[in-house]
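The block underneath contains the structure these notes are about, expressed in structure tokens.
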Amino acid sequence: MKVSRALSFSSGSFLGALPLSLIPFAPRELRAAALEAASLASRTLLYPAGMAQERCAPASPAGGAGRDGLVRPGPPPEGRRGGAETGDTGSREGENCPPVLLLHGFIDNRSVFTLLRRSLVRNGWRDIRAFNYSPLTCDVRCAAERLAEYVDEVCASTGHRRIDVVGHSLGGLIARHYVQRMGGDARVRTLVTLGTPHSGTRVAPLMSAHPIVRQLRPESDVIEELAGPAPGCRTRFVAFWSDLDQLMVPVETARIDHPDLDSRSVRVSGLGHLTLPAHWEVAAGIRRELTAGAPHRGERTGRAEPGSAGAA
């Protein structure tokens with residue numbers, strides 16, 4: 001099932017990627033370019049803080065940060081409950097949701113999800129993890145294998161048999177390969193992708209010398225594998241794609257169009273590629289998708305052992 005809807009975003013963000021130099025500068029494109037420039041600057045400042053890999057320590061029952069540096073929510077601090085202007089109302093909408101694993105894009109790290117992570121924490125999510133794969137990664141399949149190991153660790157440490165995953169750009173493709181081609185649908189309840197080239201992208205032809213970039217081309221074997229049959233896949237897919245994503249050529253490639261997948265494509269209007277994981281309205285949209293069909297308290301299992309995946 002494929003459903004598409006449109007989200008139109010204001011410029012009320014401080015984060016986004018590369019200048020939109022190839023797009024005629026109408027006012028909307030100027031605003032998007034400004035957000036992208038701000039995002040690139042913020043990313044540069046935050047990058048060192050996200051270089052270390054997080055450890056999968058057991059979930060902390062109370063709010064606050066554990067020894068592994070993972071931030072887990074208590075009640076929102078008095079006077080800092082957010083509001084309509086940020087979409088963070090301090091609600092507990094995510095209280096019964098499974099853990100969320102965040103997966104960054106090419107040559108990036110977990111720091112890209114600083115705003116999204118804060119939004120989830122402030123709205124009740126109890127376990128939010130982030131996985132750093134190597135910036136030297138040259139194969140989507142190898143990264144997916146490492147992701148599979150990390151997901152097992154998250155399930156074992158939290159006691160959940162299934163989790164939700166949010167992947168930006170290449171991270172979304174790695175997660176989809178794990179879910180669709182490696183049996184990861186037994187572990188992943190919902191996969192949300194942001195600006196992911198599900199059908200391949202033709203941007204920057206000269207970069208095809210890099211092996212991972214070649215795997216992002218429409219004719220690559222990775223893209224062809226993902227276009228193949230996927231009967232019985234249990235994961236729900238949600239793809240956010242933007243009409244101003246300068247790294248998706250064409251922009252519709254970030255949609256998911258697959259007859260066997262339970263998928264939903266959400267059009268974002270007026271944001272660039274790197275702004276997607278760092279804009280508060282996108283964060284609000286992600287929260288809505290993650291709470292759709294959230295498990296009840298009784299669906300949380302006891303400690304799950306690696307290799308014992310099962311549907312929640």
(request) Within segment 233-255, identify whether any single residue is charged (D, E, K, R) and assigned to a helix (DSSP H, G or I), and answer yes or no. (result) yes
(request) Mind listing whichever residues of segment 128-164 are in a loop (DSSP other than H, G, I, E, B), on the phi < 0 side of the Ramachandran plot and surrounded by 15 or more Cβ atoms within 10 Å (Cβ to Cβ)? (result) Asn132, Tyr133, Thr137, His160, Arg161, Arg162
(message) Whether any residue in segment 242-253 is modelled with pLDDT of 95 or more, in contact with a strand residue (DSSP E or B) (Cβ under 8 Å, 6 or more places away or on another chain), under 19 Å from Leu170 (Cβ atoms) and open to solvent by 40 Å² or more (accessible area, probe 1.4 Å) is what I want to check.
(response) yes
(request) For Asn109, indicate whether it is polar (S, T, N, Q) and open to solvent by less than 30 Å² (accessible area, probe 1.4 Å). (result) yes
(message) So in segment 131-143, with the set limited to residues that are modelled with pLDDT of 95 or more and touching a Leu at 6+ places or on another chain (Cβ under 9 Å), which one is nearest to Ile212 (Cα to Cα)?
(response) Val140
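Go through segment 249-280 and report how many residues are among the charged types (D, E, K, R) and in contact with a Gly (Cβ under 6 Å, 6 or more places away or on another chain). Before the answer, list the steps.
Step one: list which residues in segment 249-280 are among the charged types (D, E, K, R), which gives 252, 255, 257, 260, 262, 264, 267.
Still in the running and in contact with a Gly (Cβ under 6 Å, 6 or more places away or on another chain): none.
Number satisfying all stated conditions: 0.
The values are calculated or read from the model by the stated rules, or taken from the named source; none is laboratory data. Nothing here was measured: the structure is a model prediction, and the numbers come from that model. Neighbour counts are summed over all protein chains in view; Cβ atoms, including those assigned to glycine, are modelled from backbone coordinates with ideal geometry. Heavy atoms of the whole protein, side chains included, go into the accessibility calculation; ligands, DNA and RNA do not. Shrake-Rupley method; radii C 1.70, N 1.55, O 1.52, S 1.80 Å.
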